[in-house]
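**Q** Questions regarding the structure given below will be posed in turn.
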Amino acid sequence: MVKLAVDRTFLIVKKEFLQLSRNRRVLFIALAMPIMMMTLIGLGFTGEVKNISAIVVNEDGRGFSTIFLDALRQTDTIKIKYYANDLDEAENLIKNGQAKAAILIPKTFDENFRRGQAYVYVVVDGSDPMSASKVLPSVQAVAQTFSPRIVVRTSNIVLFNPTLRYIEFMAPAVVGFVLQMFPIMQIAMSIAGERERGTIEQLIVTPISSLDLLLGKMIVYMGIGLTNAFFMMAVAVYAFKLTIRGNVFLIALFIFIFLAASLSLGILSSAVSKTQLQAIQTLLPFIIPTAFLSGTFYPIESMPNFIQPISYCLPLTYMIHAMRSVMVKGGGFEIIATDLLALSIYAVAINTLAVAVFRKKL
């Protein structure tokens, strides 16, 4: 009896291994995805926040101020990318998302340094608490090693999120990530389920065209996605006291375009899948890396240079940047115009490809 049970179990094991070896998609998910994820995390997330883009406002411009800037350039944490004429110009660059911090050296730096005490002012972008919390200690460390005899004091000014609350950083990213993950999987499962049950052919032989079918499904899941976004932001605002500083209609427009792009990817995955399981398996290699490479949890600037181009090919990267710019910084259309253009091009391209592939498969 025991031997018979073992033989039956062995047959099931053998059968499953054979099925798995024939299904390349499942085999890829089972073997390649864990290796890929560990490689991405190991290479991209060193635990160090570095290469934080900074602006310098050197109102002094004389001897010791330039020497201090030379010392500041040696640190890995801060990367000086711009030079501004005054603090207002620097703050505008921060608001536009071109930099995360500004370092102001006042006019009297050289005289104060010679007298034994000089000041440096640091302005940081509070919408990214992870980067903001690293800038001041880095400048202070440079100041302490700059001269053992003379003290350089730093004063910190935080824009947009003075208390450096992490919810201000995460809430826009969570909205983007959820809107990419759930509606895309739902529409993929819906269309693949129609094919799996054989009902999609019954719909096509009616006066309903394939375009009508896709449009109808997109409207339904677009509505679900917009509802999800509304409730997520309501929880963030009323439960966690998040202040939305920008135009809510601009936020709604961006969410609408992002949903159109995400849902088109779900249609594309369902078009190349015969079952719901295959549709989900097709999406996972895209969804999981996107969560780590789009700036959701970790600044893109701190990732290795060879990984950053991948991040800027992902629609979620532009969604998160735009949502943080509008929700936390109060930015307008001119600030997120590039994000809107990139996402619109992506949405049109993937929708066109998804419709073409879907029609061909039918």
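The values are calculated or read from the model by the stated rules, or taken from the named source; none is laboratory data. Everything numeric here is computed off the predicted structure, so don't read it as measured data. Positions of Cβ are generated from backbone atoms using ideal geometry, with glycine treated the same way; all protein chains shown enter the neighbour counts.
**Q** Got a sec? Which of Lys81, Lys50 is in contact with a Ser or Thr (Cβ under 9 Å, 6 or more places away or on another chain) and at pLDDT 85 or above? Working first, answer last.
**A** Numbers: Lys50 fails: at pLDDT 85 or above.
Only one candidate qualifies: Lys81.
**Q** Tell me the residue from Ala347, Ala322, Ala337 that is in the same structural domain as Phe182 (by TED's automatic domain parsing) and over 30 Å from Ala101 (Cα atoms), please.
**A** Working: Ala322 fails: over 30 Å from Ala101 (Cα atoms); Ala337 fails: over 30 Å from Ala101 (Cα atoms).
Every option except Ala347 fails the conditions.
**Q** Considering Ser133, Ser127, which residue is under 20 Å from Ser302 (Cα atoms), modelled with pLDDT under 85 and part of a loop (DSSP other than H, G, I, E, B)?
**A** Ser127
**Q** Only one of these is closer than 23 Å to Val348 by Cα, in a helix (DSSP H, G or I), in contact with a Phe, Trp or Tyr (Cβ under 6 Å, 6 or more places away or on another chain) and hydrophobic (A, V, I, L, M, F, W, C): Ala261, Ala229. Name it. Give the steps one after another, and end with the answer.
**A** On the way: Ala229 fails: in contact with a Phe, Trp or Tyr (Cβ under 6 Å, 6 or more places away or on another chain).
Exactly one of Ala261, Ala229 is closer than 23 Å to Val348 by Cα, in a helix (DSSP H, G or I), in contact with a Phe, Trp or Tyr (Cβ under 6 Å, 6 or more places away or on another chain) and hydrophobic (A, V, I, L, M, F, W, C), namely Ala261.
**Q** Still on this model: Taking region 247-269, which residues are in contact with a Gly (Cβ under 9 Å, 6 or more places away or on another chain) and crowded, with 21+ Cβ neighbours inside 10 Å?
**A** Ile255, Phe258, Leu259, Ser262, Leu263
**Q** Say whether the condition of being at pLDDT 85 or above and over 30 Å from Val123 (Cβ atoms) is met by at least one residue in region 161-175.
**A** Scanning region 161-175, I find no residue that is at pLDDT 85 or above and over 30 Å from Val123 (Cβ atoms), so the answer is no.
**Q** I would also like to ask the following. Considering only residues that are at pLDDT below 80 and either crowded, with 16+ Cβ neighbours inside 10 Å or basic (Lys, Arg) (or both), which ones fall in region 136-155?
**A** Phe146, Ser147, Arg149, Val152, Arg153, Thr154
**Q** One residue is enough: does region 192-200 have a residue meeting the conditions under 17 Å from Arg245 (Cβ atoms) and in a helix (DSSP H, G or I)?
**A** Looking only at region 192-200, we keep the residues that are under 17 Å from Arg245 (Cβ atoms), and these are none.
Checked against the condition, which is being under 17 Å from Arg245 (Cβ atoms) and in a helix (DSSP H, G or I), region 192-200 yields no hits at all.
**Q** Now for a different question. Name the helices (runs of 4 or more DSSP H) wholly inside region 296-362 in which the number of residues that are loosely packed, with under 14 Cβ neighbours inside 10 Å and modelled with pLDDT under 85 is 1 or more.
**A** Fully inside region 296-362 and qualifying: 333-361.
**Q** Looking for something closer than 18 Å to Phe160 by Cβ, touching a residue at least 12 places away in the same chain (Cβ under 8 Å) and either not in a strand (DSSP E or B) or not aromatic (Phe, Trp, Tyr) (or both) - is there at least one such residue anywhere in region 74-81?
**A** Checking region 74-81: not a single residue is closer than 18 Å to Phe160 by Cβ, touching a residue at least 12 places away in the same chain (Cβ under 8 Å) and either not in a strand (DSSP E or B) or not aromatic (Phe, Trp, Tyr) (or both).
**Q** May I pose another question? Confirm whether Leu253 is in a helix (DSSP H, G or I) and either touching a Cys at 6+ places or on another chain (Cβ under 7 Å) or within 18 Å of Asn228 (Cβ to Cβ) (or both).
**A** Criteria met by Leu253.
**Q** With respect to Ala90, determine if the residue is touching a residue at least 24 places away in the same chain (Cβ under 8 Å), buried (at least 19 other Cβ atoms within 10 Å of the Cβ), among the aliphatic types (A, V, I, L, M) and touching a Lys or Arg at 6+ places or on another chain (Cβ under 9 Å). Please lay out each step first, then the result.
**A** Working: touching a residue at least 24 places away in the same chain (Cβ under 8 Å): yes; buried (at least 19 other Cβ atoms within 10 Å of the Cβ): yes; among the aliphatic types (A, V, I, L, M): yes; touching a Lys or Arg at 6+ places or on another chain (Cβ under 9 Å): no.
No, not satisfied.
**Q** Could you please give the count of residues in region 91-124 that are among the basic types (Lys, Arg) and in a strand (DSSP E or B)?
**A** Summing the residues that are among the basic types (Lys, Arg) and in a strand (DSSP E or B) in region 91-124 gives 0.
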